[in-house]
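A quick write-up on the structure given underneath.
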Amino acid sequence: MRGIALLFLLLLTPVPGTAADVAVPDPQLRDTCPVCGMLVARYPAWIATVLHEDGHADHFDGAKDLFKYLFDLPRYAPGRSTAEINAIGVTEYYGLTRIDARSAWYVIGSGVLGPMGHELVPLETRADAEEFMEDHQGSRILRFDEVTPELLKRLDAGDVR
């Protein structure tokens, strides 16, 4: 019995260097991205979500709009603050599971486009990001804290360096 409990515990422990799964709600059919207004559920491979401590969730049609939201919270979520965010999830490219956005690896500059064009493609591990870079001719691998408003503007303009 102790062996089964230990195995279960090991299965729940994140592997170092990977982004852990995150519990965020799925968007409803009519939920729109607060940044661009698109219906989010139409793009299940790109869904990103911010879950606030009061249970309210904002959904996005890609990591790029998620970051725009986080960089300008007063514009997109008046009265909310980053201090009341409980979880941030992005959809991982290969497994299509929701992972923690803060620990994900992001590739830019690939030929893989999201609903809003050039995207930050979320991946679970560095190895996955490197494989994606090779398979899809990406230009850079980034971490959450390396994304800047200037980078997002460049992606919107098609500058994928």
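The phi-based Karplus calculation (6.51 cos²θ - 1.76 cosθ + 1.60; θ = phi - 60°) puts the 3J(HN,Hα) values of the range 51-65 at 10, 8, 5, 7, x, 6, 10, 10, 10, 9, 8, x, 5, 4, 5 Hz, whole numbers, x for Gly and Pro. Comparing 57, 35, 73 along the charge dipole axis of the range 12-119, the residue lying farthest to the positive side is 35, per the Cβ-charge model.
Think of the chain as having a plus end and a minus end, set by charges on the Cβ of Lys, Arg, Asp and Glu; of 45, 147, 123, 147 sits farthest toward the positive end of this dipole. Using Cβ point charges alone (K and R +1, D and E -1), the dipole size of the chain about the Cα centre works out to roughly 140 debye. Across the range 137-150, computed HN-Hα scalar couplings (Karplus, 6.51 cos²θ - 1.76 cosθ + 1.60, θ = phi - 60°) run 6, x, 9, 8, 10, 10, 9, 3, 6, 8, 6, 10, x, 5 Hz from first to last residue, x flagging Gly and Pro.
The length gained by stretching the chain between residue 29 and residue 103 to full extension, at 0.36 nm per residue less their Cα-Cα distance, is 23.9 nm. Label zone (residue 112, point 7 Å along Cα-to-C-beta; backbone nitrogen cut-off 15 Å) within the range 19-42: 19.
Here, each number is a calculation from the coordinates, and none is a lab measurement. Just so it is clear, the structure is predicted and the values come from calculations on it, not from any experiment. Note that we place each Cβ from the backbone using ideal geometry, even for glycine, and neighbour counts take in every protein chain shown.
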